[in-house]
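The values are calculated or read from the model by the stated rules, or taken from the named source; none is laboratory data. Remember, it's a predicted structure, so these values are computed and weren't measured experimentally. Note that we place each Cβ from the backbone using ideal geometry, even for glycine, and neighbour counts take in every protein chain shown.
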Amino acid sequence: MNYKREVIGDNIGFSTIIDEKFNTCSLSVKFITELDSGYTAENEMLSGMLSMSNGKIKSFSEMNKTMQELYAASISGRTNTVGYTQVITFSASWICNRFALENENITESMLEIVHDCIFSPNTENSAFDSKNFKICQKCLIDDINSILNDKREYAIMQAKKTAFKGEPIENSFIEIEDAEKVTPESVFKAYEHLLETSQIEIFYVAPEENTAVSEMFRKGFSEITRNSRQYTIYSNSPIKAKPEKVTEELPVNQSKMILLLKSDSDDSYAMNMLSIILGGTPVSKLFMNVREKLSLCYYCSCRYIKNNVILIESGVDKENIQKAYDEIFNQIEEIRNGNISEEEMQAVIKAIDDSLSGVGDTPVQYVNWYFDRFCAGEIITPHQYFDKFCSVTKESIIDTAKSLKPDTSYYLINKEISE
Amino acid sequence: MSKEIITSKITGDSCIHVKHKSGLDIYIREMKGFSSVYALFGTKYGSINTMFRTSADKEYTTVPEGISHFLEHKLFENEDCGVFELYAQTGANGNAFTSFDRTCYIFSCSKNYTKNLRILLDFVQKPYFTKENVEKEQGIIGQEIQMTNDNPEWRLLFNMLKAMYHNHPVRIDIAGTVDSIAEIDADLLYKCYSTFYNLNNMALSIAGNVDEDEVLAICDELLKPCEDNGLETVFPAEPDEVVRNTITEKLPVGTTIFQLGYKCHTENDSEKQAKKYLVASIASMLISVKSSDLYTRLIEDNIINTTFDSEVFAGNGYFVVIFSGESEKPEEVRKAVAEEFSKIVQNGVCEDDFRRIKKVIYGSLIRQQNNVAVVASSMMNNYINSIGPFYDIDTFSDITSEDVYNFIKTELTPDKSVLSVIEKAGD
């Protein structure tokens with residue numbers, strides 16, 4: 001594998017990852033912007049608007065036909081929250097020219113389409129196309145409504161809303177009213193704002209070099225007046241003076257418990273290892289005790305949310321919530337008291353080692369790895385990253401556990417039982 | 001033991017197939033340049049296999065719903081330790097799943113694959129069931145059942161299957177019910193284990209950064225030879241008709257979701273069934289792809305959103321073409337789909353659409369070769385379906401628009417359709 005990153009414009013990075021085992025070419029353009037730009041709902045729609053048509057291929061249907069002719073090539077958009085920023089990703093992927101059955105130049109066609117989607121979108125009079133806009137707006141509203149369909153995700157979202165109240169992340173929870181206020185004109189303004197101000201990271205993963213790709217972006221962005229900003233992607237979330245508890249009732253069969261704990265530690269490696277020991281694997285303390293020993297649940301797990309937050313979740317019967325809660329804190333106490341065996345430390349190191357050794361087995365993994373490292377402000381190899389975990393001591397994990405403070409607890413309770 | 005190299009005429013990719021002396025079918029795909037390994041050790045045993053006998057049995061045994069899934073959970077407990085503890089020593093990610101027609105034990109790793117393969121082959125061949133560990137699992141699986149009962153997509157599917165199938169056990173939930181799993185005990189688990197976990201009914205599929213000789217040496221060492229037990233699974237007779245055409249349930253959801261299923265005939269011959277699966281996939285894609293007239297019309301009229309999609313769901317004794325998505329007007333979707341098929345029956349399949357969909361399938365198959373897990377899963381899938389590892393890849397190019405036309409005309413008729421809807425509670 002050959003990785004290189006070059007700067008092709010004002011705050012614009014272009015990373016090339018060449019790995020000859022792949023039979024596809026993948027492009028990922030990531031626009032990083034602030035969460036309080038006033039355009040968060042517009043940006044949610046923008047990722048879809050940019051990928052469903054462009055200045056030459058005007059309709060969604062025509063765009064899809066074109067992708068089919070190019071052997072299931074794909075272009076897609078996605079918007080998500082990374083730390084304290086909003087990231088709008090435009091992706092494209094296609095099979096290499098050597099697999100074309102009729103000698104088509106798939107790569108050339110795709111680069112032209114990508115270029116037009118980003119630099120020459122389907123707009124008129126400073127507004128996006130209204131027909132496509134309506135489709136995207138309905139999808140966004142339906143997406144917001146459908147969060148309730150997945151009770152686990154819904155519970156996590158509700159817990160995060162409380163945990164990050166008053167912080168920029170709060171803006172990432174888009175409400176129906178926000179989506180309804182968006183117009184084709186406001187999406188266009190968001191598009192202009194994004195091109196002008198965002199930090200941009202582009203990734204190209206393919207089996208062989210193609211300088212035409214970086215040149216296309218270099219030229220495209222050189223025609224835009226940039227006034228880019230540098231964003232702090234991660235910073236610690238303030239710990240509440242008094243933990244907040246939220247209970248919501250719905251007619252469900254299984255209750256959900258979400259706990260968010262915050263730390264004042266800056267040691268992200270120790271936090272990460274702590275979360276894995278506590279509830280990140282099927283041999284973790286929560287799995288072995290809350291599930292296996294007490295049979296209270298099907299899942300009880302923990303994960304690290306950068307920068308200083310861990311999230312614990314479980315699905316349990318209402319009458320067992322307190323028992324599960326007590327056992328979770330009992331296990332945290334065990335860690336605080338130094339009850340971490342050498343086997344547990346080794347298991348975490350081995351799991352991390354194994355996982356990092358597989359980085360790069362798919363194009364998406366490569367992009368995720370390098371973008372994640374970029375956001376963390378530390379572009380290092382998986383091997384260097386692994387070394388950092390190896391240097392974490394048991395004592396630092398214990399100290400981190402001691403620094404954890406309950407911040408938010410959220411309970412989704414079976415309505416009939418609670419009445 | 002017999003060994004053959006099987007090569008796809010379409011992609012040029014090869015795998016090794018070994019019929020091991022133990023009775024196990026082994027599929028190995030060495031993938032140069034990849035770091036990871038993905039392995040599945042699977043049996044043709046899933047939730048539909050509720051009635052069976054071997055050549056040693058006079059009578060058929062009928063077992064409680066959900067027992068194959070229960071057995072999968074229990075195999076992770078050895079007499080001396082849990083299997084996850086063994087994987088923790090290597091860093092691998094171990095898992096398993098049970099579906100309608102299979103149970104598969106999986107590991108993925110980037111290091112120590114030989115150790116992980118040893119763990120996998122060893123624990124699946126070493127059941128340990130006791131009264132205590134069965135009772136403990138009932139609480140855990142009870143919670144898993146409650147969790148899936150809150151999953152509207154899951155309910156949508158099983159409501160549709162219940163409205164479609166009168167007798168076939170595809171209509172029962174994979175995990176069973178809290179009541180049915182209460183009937184499960186250690187003896188029953190051993191009975192199912194000895195019947196279905198016979199190596200003649202199983203396969204190992206492994207792909208990625210592996211060496212064929214190393215894999216086979218470990219198999220030689222650890223696989224315990226099995227006599228073919230003459231396994232016979234039976235299913236009750238199933239009429240062509242559906243139970244009812246519409247089924248609706250109200251749940252606390254944010255959007256109304258639907259599945260429109262067409263009950264189709266199944267083929268007894270596995271290759272015919274596999275070819276029919278491909279034909280059905282093309283038939284459903286003709287109207288569900290994002291460029292189709294139907295899709296364009298429904299999305300522009302705000303009747304569907306971009307979640308609209310289709311799939312084919314088939315196995316031993318069941319075959320369903322499904323259209324699904326979010327819509328506040330699912331009956332309109334049903335009507336529009338039926339009209340679209342009726343148009344095709346009248347006017348024939350559009351050759352240009354057909355040609356493009358074949359390009360899509362070809363491109364997707366090429367892409368799959370980029371992914372170790374997908375390659376290994378695909379080989380296992382084809383074993384379970386009793387077809388060669390590249391049968392589907394190599395067969396799709398032979399499918400004609402006439403095959404697709406005939407399928408639509410004979411199978412996708414409105415009287416065989418079931419519309420399952422989950423509506424918002426309170427509407």
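Within segment A:233-245, is even one residue among the β-branched types (V, I, T) and either part of a strand (DSSP E or B) or within 28 Å of the chain's Cα centre (by Cα) (or both)?
The answer is yes; a qualifying residue exists.
Go through (1) in contact (Cβ under 8 Å) with a residue 12 or more places away in the chain; (2) outside any loop (DSSP other than H, G, I, E, B); (3) exposed (fewer than 14 other Cβ atoms within 10 Å of the Cβ) and name the single condition A:E201 misses.
(3)
If you take the residues of segment B:308-329 that are free of Cβ contacts under 8 Å to residues at least 40 places away in the same chain and within 14 Å of another protein chain (Cβ to nearest Cβ), which of them is farthest from the chain's Cα centre (by Cα)?
If we take residues in segment B:308-329 being free of Cβ contacts under 8 Å to residues at least 40 places away in the same chain and within 14 Å of another protein chain (Cβ to nearest Cβ), then B:K329 is farthest from the chain's Cα centre (by Cα).
Kindly check whether there is at least one residue in segment A:171-190 that is loosely packed, with under 15 Cβ neighbours inside 10 Å, within 14 Å of chain B (Cβ to nearest Cβ) and of a type in the set (A, V, I, L, M, F, W, C).
yes
Can you tell which of A:E170, A:E192 is assigned to a helix (DSSP H, G or I), under 15 Å from A:S37 (Cβ atoms) and modelled with pLDDT under 95?
Of the residues listed, the single one that is assigned to a helix (DSSP H, G or I), under 15 Å from A:S37 (Cβ atoms) and modelled with pLDDT under 95 is A:E170.
Surrounded by 14 or more Cβ atoms within 10 Å (Cβ to Cβ), within 14 Å of chain A (Cβ to nearest Cβ) and under 25 Å from B:E65 (Cβ atoms), is that true of B:I247?
no
Which strands (runs of 3 or more DSSP E) does segment A:1-110 wholly contain that include 2 or more residues that are on the phi < 0 side of the Ramachandran plot and either over 24 Å from the mean Cα position of the chain (by Cα) or without any contact (Cβ under 8 Å) to a residue 24 or more places away in the chain (or both)?
Passing ranges, in order: A:2-9, A:74-82.
Quick one: in segment A:138-166, which of the residues that are facing another protein chain (nearest Cβ under 10 Å) and of a type in the set (D, E) is farthest from A:D178 (Cα to Cα)?
Across segment A:138-166, the extreme among qualifying residues is A:D150.
Considering only segment B:143-160, state which residues are at the interface with chain A (Cβ under 7 Å from one of its Cβ atoms) and of a type in the set (A, V, I, L, M).
Answer for segment B:143-160, where residues must be at the interface with chain A (Cβ under 7 Å from one of its Cβ atoms) and of a type in the set (A, V, I, L, M): just B:M147.
Evaluate the following for A:I18: is it among the hydrophobic types (A, V, I, L, M, F, W, C), farther than 22 Å from A:I233 by Cβ and in contact with a strand residue (DSSP E or B) (Cβ under 7 Å, 6 or more places away or on another chain)?
yes
To keep it simple, each residue is scored yes or no on (1) in contact (Cβ under 8 Å) with a residue 12 or more places away in the chain; (2) crowded, with 16+ Cβ neighbours inside 10 Å.
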position: B:K335; (1), (2): no, no
position: B:S342; (1), (2): no, no
position: B:F354; (1), (2): yes, yes
position: B:I357; (1), (2): yes, yes
position: B:N370; (1), (2): no, yes
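Could you tell me which of the residues A:G13, A:G38, A:G9 is under 19 Å from A:A127 (Cα atoms) and not basic (K, R)?
It is A:G38.
Do we have A:D354 as crowded, with 19+ Cβ neighbours inside 10 Å, among the charged types (D, E, K, R) and within 12 Å of chain B (Cβ to nearest Cβ) here?
yes
Out of segment B:1-29, which residues are buried (at least 19 other Cβ atoms within 10 Å of the Cβ) and of a type in the set (A, V, I, L, M)?
Hits for segment B:1-29 are B:V18, B:L24, B:I26, B:I28.
Does A:S301 satisfy the condition of being polar (S, T, N, Q), part of a strand (DSSP E or B) and either within 28 Å of the chain's Cα centre (by Cα) or farther than 18 Å from A:A159 by Cα (or both)?
Answer is yes for this residue.
Name the residue that is nearest to B:I184 (Cα to Cα), counting only residues in segment B:113-133 that are at pLDDT 95 or above and within 12 Å of chain A (Cβ to nearest Cβ).
Out of the qualifying residues, it is B:N116.
Among residues belonging to segment B:335-360 that are over 17 Å from A:R98 (Cα atoms) and of a type in the set (A, V, I, L, M), point out the one that is nearest to the other protein chains (Cβ to nearest Cβ).
Ranking the candidates gives B:I357 first.
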